[in-house]
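Trainee: Sending over a structure as structure tokens; questions will come in a sec.
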Amino acid sequence: MGHELMNVHFLITGYLFALSMIGTDPVPKRAPYPLRLVLLLATMAFHAFYGVSIMSSTSLYQADWFGNMGRTWGGDALADQRQGAGAMWGLGEIPTLLIALGVMVSWNRDDTRESKRRDRQADRDNEAELGAYNDMFAQLKKQDEEIARRGR
């Protein structure tokens with residue numbers, strides 16, 4: 001029962017993690033794209049560290065349980081543990097890489113959409129934002145000239 005509950009827990013948390021990274025459903029607050037990529041890289045690093053640590057282990061995890069299984073087929077339990085850790089590490093990175101690719105594609109689409117929106121806005125208001133930006137710099141230049149004139 002505990003094992004099944006743990007599987008349900010991993011399924012739900014994995015779904016929520018993927019939803020927060022690349023989901024199209026609305027969520028209350030979504031992390032910015034650079035932070036999403038950093039989180040995915042941290043996840044990959046954790047999985048790699050965990051997989052390699054199990055692969056390089058010289059002792060069997062839960063030796064009492066594996067010893068009581070009475071398994072007569074296959075290799076020894078330590079070799080099986082190392083092979084499972086290698087599969088966990090190698091195959092576990094594939095979905096993370098696919099999610100990272102999805103984040104990059106979403107970022108690119110969102111950036112393109114935002115650029116088009118800003119261009120349409122600039123066309124509608126005759127580039128008022130650019131004019132205000134240039135006016136701000138003209139005002140700063142006047143202030144600098146006034147300060148330089150007073151200082152002489």
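Trainee: If you plug each phi of region 45-57 into the Karplus form 6.51 cos²θ - 1.76 cosθ + 1.60 with θ = phi - 60°, what whole-Hz ³J(HN,Hα) values come out, in order, with x for Gly and Pro?
Mentor: 5, 4, 4, 5, 4, 5, x, 5, 5, 6, 4, 8, 5
Trainee: Then there's this: Computed from the mean reciprocal separation of all distinct C-alpha pairs, what Kirkwood hydrodynamic radius does region 105-152 have, in Å?
Mentor: 13.3 Å
Trainee: Have a look at M104, Q139, G90 and report the one farthest towards the positive end of the charge dipole of the chain, computed about the Cα centre with Cβ charges (Lys/Arg +1, Asp/Glu -1).
Mentor: Toward the positive end, the furthest listed residue is Q139.
Trainee: In debye, nearest 20, what is the charge dipole magnitude of region 32-126 about its Cα centre with +1 on Lys and Arg Cβ and -1 on Asp and Glu Cβ, if you could check? Don't skip to the end; give the middle numbers.
Mentor: Working: 10 positive and 10 negative charges, 79 e Å.
Using only the charged Cβ atoms, the result is roughly 380 debye.
Trainee: Taking 8 Å as the Cα distance limit and 6 or more residues as the minimum spacing, I'd like the relative contact order of the chain as a percentage.
Mentor: Contact order relative to length: 26 percent.
Trainee: Out of the chymotrypsin sites (Phe, Trp or Tyr not before Pro) in region 1-77, which ones are loop residues according to DSSP with at most 10 other C-beta atoms within 10 Å?
Mentor: W73
Trainee: Quick one: length gained pulling K29 to R152 fully straight, 0.36 nm per residue minus the C-alpha distance?
Mentor: In short, 38.9 nm is gained.
Trainee: Residue-wise, which Karplus ³J(HN,Hα) couplings in Hz belong to region 129-135, taking 6.51 cos²θ - 1.76 cosθ + 1.60, θ = phi - 60°, and x for glycine or proline?
Mentor: Running phi through 6.51 cos²θ - 1.76 cosθ + 1.60 with θ = phi - 60° gives 5, 5, x, 5, 5, 5, 4 Hz.
Trainee: How much FRET efficiency would the formula 1/(1 + (r/R0)^6) give for E93 and D119, where r is the Cβ-Cβ distance and R0 is 35 Å, rounded to 0.05?
Mentor: After rounding to 0.05, the efficiency reads 0.35.
Trainee: Net charge around G102, counting only other residues with Cβ within less than 11 Å of its Cβ (Lys, Arg = +1; Asp, Glu = -1)?
Mentor: Numbers: positive: R36, R109; negative: none.
For residues surrounding G102, the net value is +2.
Trainee: Further, regarding this structure: For H9 and T72, what is the calculated FRET efficiency with R₀ set at 30 Å and r taken between the beta-carbons, to the nearest 0.05?
Mentor: Rounded to the nearest 0.05, the efficiency is 0.35.
Trainee: Efficiency by 1/(1 + (r/R0)^6): what FRET value for N126 and M104, r their Cβ-Cβ distance, R0 = 35 Å, to the nearest 0.05?
Mentor: 0.50
Trainee: In region 83-111, which residues have a backbone nitrogen under 18 Å from the label point lying 7 Å from F17's Cα in the Cα-to-Cβ direction?
Mentor: Backbone N within reach: 85-104.
Trainee: Oh, and also: Read phi for every residue in region 30-40 and hand back ³J(HN,Hα) as whole Hz from Karplus 6.51 cos²θ - 1.76 cosθ + 1.60, θ = phi - 60°, with x for Gly and Pro.
Mentor: 10, 5, x, 4, x, 5, 4, 5, 5, 4, 5
Trainee: Against the globular-protein guess of 2.2 N^0.38 Å, express the Cα radius of gyration of the chain as a ratio, rounded to two decimals.
Mentor: For the chain, the normalised Cα radius of gyration is 1.88.
Bear in mind these aren't lab numbers, they're just calculated from the coordinates by the rules spelled out. Predicted model only: the values in this text are computed from it and were never measured. FYI the Cβ positions are ideal-geometry reconstructions off the backbone, even for glycines, and counts take in every protein chain you see.
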